[in-house]
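First the structure, in the form of structure tokens, and then the observations on it.
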Amino acid sequence: NFTATNLLISIGFLILATLSASGMGIIIGTFIKNMTGAIITGVAVSVVTMSLTGITFPYSFLPAALQGFSRFYPLSSANAVIAYLLSTKEFFGYNPMLPLQLIYTIAVSILLFIISLVLYSRFCWKAD
């Protein structure tokens, strides 16, 4: 199902996934002041969440509880949309293109990034 429309939608969700991941990174960097500690924490959070939400392992291999979490975790939800659009529908195991799921993924990804900017500006931004 590789079409130009699916490719453009996938690029949009890749941007949303990037915003979501950046938001998490900014939040971690805001509260962990040591650069090395922030990097280690960020990598640990990334590896654990990617492993537990169907990004590194197929969604169908996850236990039911983690499948539910995977649908609400913005990075994995965006990944599901991309996989669903650019591969066979049976590949992913569920339809992430339901309207409520799409709205949730878009809203939470953008909101997470905005919250990270607000937190960063409140706790880290210093005017010279």
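Evaluation of residue 108 against the conditions (1) within 30 Å of residue 35 (Cα to Cα); (2) more than 13 Å from the chain's Cα centre (by Cα); (3) assigned to a helix (DSSP H, G or I) shows that the sole unmet condition is (2).
Each row is one residue, and each column tells you yes or no for (1) assigned to a helix (DSSP H, G or I); (2) free of Cβ contacts under 8 Å to residues at least 24 places away in the same chain; (3) more than 13 Å from residue 78 (Cα to Cα).
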site	(1), (2), (3)
11	yes, yes, no
24	yes, no, yes
28	yes, yes, yes
39	yes, yes, yes
44	yes, yes, yes
51	yes, yes, yes
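Could you check residue 17 against (1) surrounded by 17 or more Cβ atoms within 10 Å (Cβ to Cβ); (2) without any contact (Cβ under 8 Å) to a residue 12 or more places away in the chain; (3) under 13 Å from residue 106 (Cα atoms); (4) of a type in the set (A, V, I, L, M) and say which number it fails? Tallying (1) surrounded by 17 or more Cβ atoms within 10 Å (Cβ to Cβ); (2) without any contact (Cβ under 8 Å) to a residue 12 or more places away in the chain; (3) under 13 Å from residue 106 (Cα atoms); (4) of a type in the set (A, V, I, L, M), residue 17 fails exactly one: (2). Looking at this structure, is residue 46 touching a Gly at 6+ places or on another chain (Cβ under 8 Å), open to solvent by 30 Å² or more (accessible area, probe 1.4 Å) and not acidic (Asp, Glu)? Considered against the rule, which asks whether it is touching a Gly at 6+ places or on another chain (Cβ under 8 Å), open to solvent by 30 Å² or more (accessible area, probe 1.4 Å) and not acidic (Asp, Glu), residue 46 comes out as no. When 70, 76 are checked against the criterion of being on the phi < 0 side of the Ramachandran plot, crowded, with 19+ Cβ neighbours inside 10 Å, in contact with a Ser or Thr (Cβ under 8 Å, 6 or more places away or on another chain) and without any contact (Cβ under 8 Å) to a residue 24 or more places away in the chain, 70 stands alone in meeting it.
The values are calculated or read from the model by the stated rules, or taken from the named source; none is laboratory data. Owing to the predicted nature of the structure, the values given are computational and were not obtained by experimental measurement. A quick note on method: Cβ atoms are made from the backbone with ideal geometry, for glycine too, and the neighbour counts reach across all protein chains shown. Quick note on the areas: whole protein, heavy atoms, side chains included, nothing else; ligands and nucleic acids left out. Shrake-Rupley method; radii C 1.70, N 1.55, O 1.52, S 1.80 Å.
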